[in-house]
Amino acid sequence: MPELPEVETIARGVDQRLRLDRIVDTWFSSHTQPFKTPRARQAKGLAGRIILGVHRTGKHIVFELGPVAPQNSAAAAQPDSHAQPEAHAKPEAQWIVHLGMTGRLLVTPPEEPVAPHTHARLSLSSGRELRFVDPRRFGRLEFRELQRTPAFDAPGDEPLTIAAAEFAALFRGRKLAIKAALLNQTLLAGVGNIYADESLFHAGIRPRRAAGRLTRAELERLRQALRNVLQQAIRLGGSSVSDYVDANGARGFFQLEHCVYLRTGQPCRSCGTPIRRILLAGRGTHFCPRCQR
Ligand SMILES: [Zn+2]
């Protein structure tokens, strides 16, 4: 399941490739599952729009879309910011992609064979296609007209930019384990099992500690550890982004050199004590019983 760094990597890769390209036509599969907005409305809403930019919000990939091109110029438009006054236009609509467990976004030449489980194909004025492939169909595609619907906002605060005081306030008075609190998407957006375990290790905090009992200093260590592990993973992903978004990008997501995650029984990289695994909030949870207190 892609976590925040993978989603950030994919959003940046798609942005680099598709910024100021234009959607000229769309195709959607006949499944109903991945469509949060009905297919017909997505098709109608997307056609002709310029892609102003693509970014991550929480674990969602948000396409900011500009105005629909005048009928006769749609096919001729080229992604060239100088020639296109719309490049500086305000977003009028959004296309929101959630990858779920197995979703992928691919930028491909149109002649590339269509993979099984392809649910959306967007033809672009540059001649390429953007495809959404999702075997397990837990992903979601949503279209928003910003005149009618507010802009998309993921629940929870952004772990890369949250300030110390706001971070501490999230956990105040909470009795649940800090690991469970980190996974709660309404508190922090996009933190999954890997980065929760790794950041607790780097902060030296036991996963089972009650969130509300952590000291201000511990919470600050945790905030910085979380930001560091996420940024490190994003840097790592940046070098391999073409494995995810370019044609045939079928490779698995990048793996950090984990310190505790999935290292049960192996020696702690810091003190040599075997890493222990427990179940917490239904999730396998890995920690060093000596380094984490
Ligand atoms: Zn240790």
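In this simple spin-label approximation, Lys44 and Glu112 carry label points 7 Å from Cα along the Cα→Cβ vector, and these lie 3.1 nm apart.
Counting only DSSP beta bridges with both residues in the chain, what percent are antiparallel, rounded to the nearest 5?
Antiparallel: roughly 95 percent of the beta bridges in the chain.
Shown are His60, His117, His55, His88, whose ranking by accessible area with a 1.4 Å probe and every protein chain present, most to least, is His88, His117, His55, His60. Which percent of the accessible area of the chain is formed by carbon and sulfur heavy atoms (probe 1.4 angstrom)? The computed percentage sits at 50. Pair-distance distribution P(r) for the chain, from all Cα-Cα distances in 5 Å bins starting at 0: 1, 5, 11, 15, 15, 14, 12, 9, 7, 5, 3, 1, 0, 0 percent. Gain on full extension, evaluated as 0.36 nm per residue between Met101 and Arg293 minus their Cα-Cα distance, stands at 65.9 nm.
Entry note, segment 143-226: relative contact order of 35 percent, from Cα contacts under 8 Å with a spacing of 6+ residues.
Taking Cβ atoms as reference points and 12 Å as the exclusive limit, the residues near Trp95 contribute a net charge of +1, counting Lys and Arg as +1 and Asp and Glu as -1. Sequence-distant contacts, meaning Cα pairs under 8 Å at least 6 residues apart, place the relative contact order of the chain at 18 percent. Computed over protein heavy atoms with a 1.4 Å probe, the accessible surface of the chain works out to 47 Å² per residue. Name the residues of segment 163-193 whose amide N is less than 18 Å from a point 7 angstrom out from the Cα of Gln232 along the C-beta direction? Counting backbone N atoms under 18 Å from the label point, the list is 191-193.
Ordering 154-165, 134-145 by mean Cβ neighbour count within 10 Å, with the highest value first, yields 134-145, 154-165. Applying both filters, DSSP loop and at most 10 other Cβ atoms within 10 Å, to the trypsin sites (Lys or Arg not before Pro) of segment 159-210 gives Arg172, Lys175. Using a Förster radius of 30 Å, what is the FRET efficiency between Asp246 and Ala163 based on their Cβ-Cβ separation? Nearest 0.05, please. About 0.25, to the nearest 0.05.
The values are calculated or read from the model by the stated rules, or taken from the named source; none is laboratory data. Note that the coordinates shown come from a computational prediction; the quantities given were computed from them, not determined experimentally. Using ideal geometry, Cβ is built from the backbone for each residue, glycine included, and neighbour counts are taken over all protein chains shown. Areas reflect the complete protein model, heavy atoms only, side chains present, ligands, DNA and RNA absent. Shrake-Rupley method; radii C 1.70, N 1.55, O 1.52, S 1.80 Å.
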